[in-house]
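Asks: I have a structure I would like to understand better, so I am pasting it below and will then ask my questions one at a time.
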Amino acid sequence: MKVGFVAAALACGLASAGPSLASEASKPSVTPHQTVVSDKAIKARVEALLVQMTPEEKAGQLFIAFHLSPPPKLEPFVEKGIAEGRIGNVLFVSDPAHANALQRVALEQSRLKIPLMFGFDVIHGLRTIFPVPIGLAASWDPKMVEDVQASAAGEARAVGIQWSFAPNVDIARDPRWGRMVEGAGEDPYLGSVMAAAQVRGFQGPAMGTPNRIIAGVKHFAAYGAALGGRDYDEVNVSDSELWNVYLPPFKAAIDAGAYNVMSAYMPLNGVPATANSWLLTDVLRDTWRFKGFVVSDAGAVGNLVTHGLATDRADAAVKALNAGVTMEMDNNINVFSELPKALAQGAISQVQLDDAVRKVLETKVRLGLFENPYADVRKAAEAIADPERRRLARVAAERSAVLLRNEGAVLPLDRKTLRSVAVIGPLADSARDTEGPWVFKPQADGVTILAGLREKLGPTVRIDHVVGVGMPRRLNGSFIDPEPKAVTPPIDDTAGIAQAVAAARNADVAILVLGEKREMIGENASRASLDLPGKQQDLLEAVVATGKPVVLVLMSGRPLDLKSANPAAILEAWYPGSEGGRAVANLLMGDTVPGGKLPFSWPRNVGQVPLVYSRLSSHAPYQASLRYWDQRGAPVWPFGFGLSYTRFDYEAPSVERTTIAKGERVGVSVTVRNVGTRVGDETVQLYVHQRSGAARPVRELKGFRRVTLQPGETKVVRFELGPDELSYWSSEARAFVQDASAFDVWLGGDSTASARSRFAVVDAAQDGGKPVAP
Ligand code: BGC
C-alpha cells in the first residue's frame, strides 16, 4: 500500500549517526532479559535497560521503520539501522521468516539486544480477509466483531506481528471521505461499542495475552470530519461535536484497554493533531489516564513542517514529542533521530525522552517479546491454514450484509425453480475487490460472488457471466494503493451492455454485482460523487428494463446514489472478504437470512451530505424533510435500516419507572415478534431524546441488541438507561452533565422507530417509580 513511502525511503535512506556508548552506564541490578512476573519486575527491567542506553538508542526505540515483505531493496538501510540501535520497530513485515531475519539482527548485532516490535495494518484480517470494518459494524454484533479481530490477531501474531494499526474509530458522516470504509459509520454509540469490541478482540483481556496483538486506535482525533470529505483536509469541529460525537469511540477504546493511539494527519481546529498537546496530553493522558504509547501517523511528524507549524525536522520532532507523541512512524527519514541533538540543546528534557522510551520498552516487556522474540514459522503456516478462520470470515460476511430492498420477495431465490442465472458486472468475479481495501497481498483463495454462486448452484443451473462495463481509472494517480495495470480487460461499454441485456433476457434472474473497486475507497480515496462509477448506472438501468427480476449486489464502503434505478432487490455486501462469494450465495439462496443494518443514513445524492439521523431540532424541525428546494431531505434508507426475509412486529415499549433521579437507572423493554415464516435476526434499537434543558439531538442511539427469532417467536428485550446514556458534554458547563428533563424513548428496527414511551429525570430522588401502562 505504502509504495510512495517506500520509494521515498529508498531515496532518503536513514539519517542519524551511529550509537556511542553510554559513558556512565551503571550496572543493572536486574538482568534486562529475565522473565517478567509483576509490574514491579517490568519496571525494574525497563529501568535496567534505560540506564544503559545512549540518546541515539533511545531515539531508535521511538522510531518505527518501513520494511515491506517480501523485502525490497531498502533492506540494507533498515538492517544497518537495526544493528546500530537506530531502529527499534518495523512495520509492514508480514512474513515470519522475514520478521525473524530482522529480529535476529536486533538480537545478535545490536548492542543492547532489545527485540524489535512489528506493527501492521491488520484492518480486517491479514491472510484470511474478513469484511471491511464498515461491514462489521453493519452486523450490529459486537461479540462477532470481537471474535473476528481476535482471529485476525491470532493470525498476525503467528507470523510475527505484535501490533495492529487498528481499529480505526473515526466517526464518518461524509461518505465522500473514503476512509468511511474503515470505521463504524456515523454514530458515536455504535462507534463506541464497535471500538471496544475490536480492542477486546485484538488485545484480549490484558496486554500480553497470548495470540493477541496491541490495538492501535486511530486517528486521534476527528479525522473523519475532513472538510468536503477530502482526505487529509483540515477539520474544524465545535467543542460539543468533538466531545459528543468524535471522541467517545476513542474513550471507549481506551477504557477497553487499547495500548496504542495513532495521532491524525490533519489540523484539528487549527492545530495539527500530531503536535496537539491538548489532544495528546490534556485529553488522552490527563483526562482519560491513557497508559500506553502514541505513534504518529506515517510521516505526520515530518509533515509538521508542511503544515507550517515547525521550522524544520528538528523542530518538528521536538513539537511532536512535547505534545505527547511517543513514537514516530515515517517514510524512513526518521525525524525522531533529531531528538538526541534536541536533548543536547535543551529543547527536550531527559525526563521527557526517558518517559517516552519507558513506554516502548514496557510495551515490549508486556508483550513477552524478550522471552519470545521469534515467530514460529511452522505454527504460522498452521495458523494461516486454520479452517475456523475461513468459517468465521463467511459468517461475518453473512451477518454484515444489509438487505435494502426486496420487492415482491424476489429473494431468496427459489432453488427448486431456478434454471438459469445471468451474473453481471465488473465486480462479480474480481477477487481483489471482493477482499476490499487494506489487503496488502492479494490472496489466491478468495471466493468471488460468481465463484460462490457456481459452487452453490452446481451444474444444473446455467450461469452466464458478463462483465458488462469497464471501470474508470483514477483521475490523479494515487500513492497509496496503485491500481494494477489492468483490473479487467478494456471493455467496449456499449457492446458489453448489449451482451448483459441479452444474458439477462435469457435467464430466470439477473444478479448484478456493482459498486466501487477497492482503489475507490480507503485512504486518499475521496470521491466528489456518490454515483456508480463508469457506465454501471447505464448497465443497471438497461438490465432492469428487460423486465427480468434483477438482484443488485452492491460492493462498496459508502452509500451510493442509485438514482431512479429500480432493481427488485438490493443487497449491500460491502467488501465481504475471502469468503464473500460463499456468504453472498448463501444469502441470495436463503440458506442464511440477512440481518445487517445500516451504520449510516443513506443519502439521496452527494448534495445532501453530511446527513445524519441525530440532528438537532433547530429552527423548523417539521420542515426537516423539506430543507431543499429541489429535493427531499430524508435519506433513501435511514440509519439502522435493514430488511430480512421475515418480518418483525414491535409492541409499545414499557419503562419500569416514570421518574428517576439523576444518577439512577431505568429499565426499558419491548416485545418483538417474528411474524413471518422464516427464522431471522432483528436488531432491536433504542433511541432517546432529551426534551428540555439543552438543544439535544432529535434522537440518539443508546442501546441495541441483535436477536434471533423463530417464526412466531416473541422475545422481550430489555435495556437500562443511566447516567452514561443520559449525559452529554455541555459547551456551557464545559463538562459532562445530566439534566433534569423529560425523555422520549423509542424502540424498533431502525432510527425511525415509532414505538415510543417516556420517562423523566428529576433532580432529587422522588417516589415516582410507578410502572407505565403499556
Ligand atoms: C494511514 C494509517 C496507517 C499508516 C501505516 C497511513 O498513511 O493514515 O492509517 O496505519 O499509514 O500504513
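Asks: Quick one: would you say SER192 is within 15 Å of the ligand (Cβ to nearest atom) and of a type in the set (Ser, Thr, Tyr)?
Replies: No; evaluated as a whole, the condition is false for this residue.
Condition check ((1) surrounded by fewer than 17 Cβ atoms within 10 Å (Cβ to Cβ); (2) at negative phi; (3) modelled with pLDDT under 95; (4) outside the structural domain of ILE171 (by TED's automatic domain parsing)) across all residues:
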site: VAL467; (1), (2), (3), (4): no, yes, no, yes
site: GLY496; (1), (2), (3), (4): no, yes, no, yes
site: VAL501; (1), (2), (3), (4): no, yes, no, yes
site: LEU512; (1), (2), (3), (4): no, yes, no, yes
site: LYS535; (1), (2), (3), (4): no, yes, no, yes
site: ALA545; (1), (2), (3), (4): yes, yes, no, yes
site: LEU554; (1), (2), (3), (4): no, yes, no, yes
site: LYS563; (1), (2), (3), (4): yes, no, no, yes
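Asks: Whether any residue in the range 121-144 is under 25 Å from ASN211 (Cα atoms), assigned to a strand (DSSP E or B), more than 16 Å from the ligand (Cβ to nearest atom) and not basic (Lys, Arg) is what I want to check.
Replies: yes
Asks: Of the residues in the range 412-447, how many are without any contact (Cβ under 8 Å) to a residue 40 or more places away in the chain and assigned to a helix (DSSP H, G or I)?
Replies: Within the range 412-447, residues that are without any contact (Cβ under 8 Å) to a residue 40 or more places away in the chain and assigned to a helix (DSSP H, G or I) number 1.
Asks: OK, next. Quick one: which helices (runs of 4 or more DSSP H) lie wholly within the range 292-406 and hold at least 1 residues that are in contact with a Gly (Cβ under 7 Å, 6 or more places away or on another chain) and not aliphatic (A, V, I, L, M)?
Replies: 313-323, 350-366, 387-400
Asks: Next question. Suppose we filter PHE370, PHE336 for residues that are within 17 Å of ILE161 (Cα to Cα) and aromatic (Phe, Trp, Tyr); which single one remains?
Replies: PHE370
Asks: Oh, and also: Quickly run through the range 145-159 and pick out the residues that are under 12 Å from the mean Cα position of the chain (by Cα) and within 16 Å of the ligand (Cβ to nearest atom).
Replies: GLN149
Asks: Of the residues ARG212, ARG200, which single one is of a type outside the set (A, V, I, L, M), free of Cβ contacts under 8 Å to residues at least 60 places away in the same chain, surrounded by 21 or more Cβ atoms within 10 Å (Cβ to Cβ) and touching a helix residue (DSSP H, G or I) at 6+ places or on another chain (Cβ under 6 Å)?
Replies: Unique residue meeting the criteria: ARG200.
Asks: What single numbered condition from (1) touching a residue at least 12 places away in the same chain (Cβ under 8 Å); (2) over 30 Å from ALA197 (Cβ atoms); (3) within 16 Å of the ligand (Cβ to nearest atom) fails to hold for VAL294?
Replies: For VAL294, the failing item is (2).
Asks: Checking ALA317 against (1) without any contact (Cβ under 8 Å) to a residue 12 or more places away in the chain; (2) over 26 Å from the mean Cα position of the chain (by Cα), which test does it fail?
Replies: Looking at each condition in turn, ALA317 falls short on (1).
Asks: Looking at ASP255, is it more than 15 Å from the ligand (Cβ to nearest atom) and within 20 Å of the chain's Cα centre (by Cα)?
Replies: Against the criterion (more than 15 Å from the ligand (Cβ to nearest atom) and within 20 Å of the chain's Cα centre (by Cα)), ASP255 qualifies.
Asks: Now for a different question. For ILE114, are the conditions met, namely being among the β-branched types (Val, Ile, Thr), within 15 Å of the ligand (Cβ to nearest atom) and over 13 Å from ALA393 (Cβ atoms)?
Replies: Considered against the rule, which asks whether it is among the β-branched types (Val, Ile, Thr), within 15 Å of the ligand (Cβ to nearest atom) and over 13 Å from ALA393 (Cβ atoms), ILE114 comes out as no.
Asks: Sticking with this structure for a sec: Against the definition (at negative phi and touching a residue at least 24 places away in the same chain (Cβ under 8 Å)), how does ASP531 come out, yes or no?
Replies: It is true that ASP531 is at negative phi and touching a residue at least 24 places away in the same chain (Cβ under 8 Å).
Asks: Filter the range 88-99 for residues that are closer than 25 Å to SER296 by Cα and more than 16 Å from the ligand (Cβ to nearest atom) and give the result.
Replies: Matches in the range 88-99: GLY88, ASP95, HIS98, ALA99.
Asks: Check off (1) within 16 Å of the ligand (Cβ to nearest atom); (2) outside the structural domain of GLY154 (by TED's automatic domain parsing); (3) of a type outside the set (Lys, Arg) for ASN331 and give me the number that stays unchecked.
Replies: It fails just one condition, (2).
Asks: Between ALA264, ALA206, which is among the small types (Gly, Ala, Ser), surrounded by fewer than 21 Cβ atoms within 10 Å (Cβ to Cβ) and closer than 25 Å to ALA152 by Cα?
Replies: On inspection, the qualifying residue turns out to be ALA206.
Asks: Would you confirm whether or not the range 715-727 contains a residue that is among the hydroxyl-bearing types (Ser, Thr, Tyr), touching a residue at least 24 places away in the same chain (Cβ under 8 Å) and out of contact with any Pro (no Cβ under 7 Å at 6 or more places or on another chain)?
Replies: no
Asks: Restricting to the range 414-440, and then to whatever is surrounded by fewer than 24 Cβ atoms within 10 Å (Cβ to Cβ), under 32 Å from the mean Cα position of the chain (by Cα) and over 13 Å from LEU512 (Cβ atoms), can you tell me which residue is modelled with the lowest pLDDT?
Replies: My answer is PHE440.
Asks: Sticking with this structure for a sec: Within the range 160-183, does at least one residue satisfy the condition of being in the same structural domain as ALA273 (by TED's automatic domain parsing), away from the ligand (no atom under 16 Å from the Cβ), surrounded by 24 or more Cβ atoms within 10 Å (Cβ to Cβ) and charged (D, E, K, R)?
Replies: Checked against the condition, which is being in the same structural domain as ALA273 (by TED's automatic domain parsing), away from the ligand (no atom under 16 Å from the Cβ), surrounded by 24 or more Cβ atoms within 10 Å (Cβ to Cβ) and charged (D, E, K, R), the range 160-183 yields no hits at all.
Asks: Does at least one position in the range 348-369 carry a residue that is of a type in the set (Lys, Arg) and more than 31 Å from the chain's Cα centre (by Cα)?
Replies: no
Asks: Say whether the condition of being part of a strand (DSSP E or B), modelled with pLDDT of 95 or more, of a type in the set (A, V, I, L, M, F, W, C) and over 12 Å from the mean Cα position of the chain (by Cα) is met by at least one residue in the range 186-202.
Replies: No, every residue in the range 186-202 fails to be part of a strand (DSSP E or B), modelled with pLDDT of 95 or more, of a type in the set (A, V, I, L, M, F, W, C) and over 12 Å from the mean Cα position of the chain (by Cα).
Asks: Can you name every residue in the range 215-233 that is within 16 Å of the ligand (Cβ to nearest atom) and either in a loop (DSSP other than H, G, I, E, B) or among the hydrophobic types (A, V, I, L, M, F, W, C) (or both)?
Replies: Result: ALA215, VAL217, PHE220, ALA221, ALA222, ALA225, ALA226, ARG230, ASP231, TYR232, ASP233.
Asks: Hey, among VAL105, VAL159, which residue is in contact with a Ser or Thr (Cβ under 7 Å, 6 or more places away or on another chain), farther than 24 Å from GLY522 by Cα and hydrophobic (A, V, I, L, M, F, W, C)?
Replies: One residue alone meets the criteria, VAL159.
The values are calculated or read from the model by the stated rules, or taken from the named source; none is laboratory data. Being a predicted model, the structure only gives us computed values, none of them experimental. A quick note on method: Cβ atoms are made from the backbone with ideal geometry, for glycine too, and the neighbour counts reach across all protein chains shown.
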